[in-house]
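The values are calculated or read from the model by the stated rules, or taken from the named source; none is laboratory data. Here the structure is a predicted model, which is why all the values come from computation and not from measurement. All Cβ positions, even for glycine, are placed from backbone atoms using ideal geometry, and neighbour counts span all protein chains on display.
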Amino acid sequence: MVQEYPNCTYQGCDIADTRDKSMDVNRYTFSKGNVANKLPYEDNTFDFVHMRFLVLALREDEWPAAIKELIRVTKPGGMIQLVDFELHMPKDPSNYFYKVMSATKEICDSRGQNPYIGAELKDMLSKQYSVKVVQYDSKDCDMSSGTPPAKMFVWSAVQAFKSTQPVLGPMLGINTPEQLDDFLREYKHSLETKESIYRFHCVAAQKL
């Protein structure tokens, strides 16, 4: 975005600083914060606020507060954009994506998280009197389709499992580096050859 919109300034916020410190990005400032509590910004600060992929970060009961916090920091007339994932379970239980999604759902249930929250974003924003939903879209990507986006999502799915392996691994019988290597190889092959759908929802709203 910095390259595409060079006349803008940018603020990034997360509970942990995972930036690539080798990147020298002008007009960008990072702050630590938790959207479920209070962001480190004044009211009516931003023209455009974007939040994505917190389905595995927020409990279901934290979403209303997070939505209100996004609205608070957006200027009147400014835009809010939300993008998130909706768990889509394959029909074939032998599919490795089915196994990973089943384990993910079990973890979400135990933590009070909603793995289908992406499908509810539009309704959550529509219930807010201070914003008006102006655009909504939902897209599926079958990672077995072989398209450039599908190949990108296969890579992303494998990397995501690597990062969540300490939690999901034991649930799938993965306890050693060798077992992890074997699983990742089979997982990638399964994603590329069996229907494995990532489903995303995107909604944009204007603050009144």
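Look at segment 52-78: where a residue is farther than 13 Å from GLU120 by Cβ and a partner is of a type in the set (Lys, Arg) and part of a strand (DSSP E or B), sitting 6+ places away or on another chain with Cβ atoms under 8 Å, you get ILE71/LYS207; THR74/LYS207; LYS75/LYS207; PRO76/LYS207; GLY77/LYS207; GLY78/LYS207.
Taking first residues from segment 164-189 that are within 24 Å of SER144 (Cα to Cα) and at pLDDT 95 or above and partners that are in a loop (DSSP other than H, G, I, E, B) and not acidic (Asp, Glu), the Cβ contacts under 6 Å between residues at least 6 apart in sequence or on separate chains come to LEU180/ILE174; PHE183/ILE174. From the list MET143, MET124, the lone residue that is surrounded by 14 or more Cβ atoms within 10 Å (Cβ to Cβ), under 17 Å from LEU54 (Cβ atoms) and more than 15 Å from the chain's Cα centre (by Cα) is MET124. Is there a residue in segment 196-208 that is touching a Lys or Arg at 6+ places or on another chain (Cβ under 9 Å) and farther than 30 Å from MET79 by Cα? Checking segment 196-208: not a single residue is touching a Lys or Arg at 6+ places or on another chain (Cβ under 9 Å) and farther than 30 Å from MET79 by Cα. For segment 167-194, enumerate the residues that are crowded, with 16+ Cβ neighbours inside 10 Å and in contact with a Ser or Thr (Cβ under 8 Å, 6 or more places away or on another chain). LEU168, SER190, LEU191, LYS194, listed by residue number.
Kindly indicate whether VAL83 is hydrophobic (A, V, I, L, M, F, W, C), within 18 Å of the chain's Cα centre (by Cα), closer than 30 Å to VAL167 by Cα and part of a loop (DSSP other than H, G, I, E, B). So VAL83 fails the test.
Residue count for segment 89-132, restricted to those that are among the charged types (D, E, K, R), in a helix (DSSP H, G or I) and in contact with a Lys or Arg (Cβ under 8 Å, 6 or more places away or on another chain): 1. The set of residues from segment 24-36 being of a type outside the set (Lys, Arg) and either surrounded by 12 or more Cβ atoms within 10 Å (Cβ to Cβ) or assigned to a strand (DSSP E or B) (or both) comprises VAL25, TYR28, THR29, PHE30, SER31, GLY33, ASN34, VAL35, ALA36.
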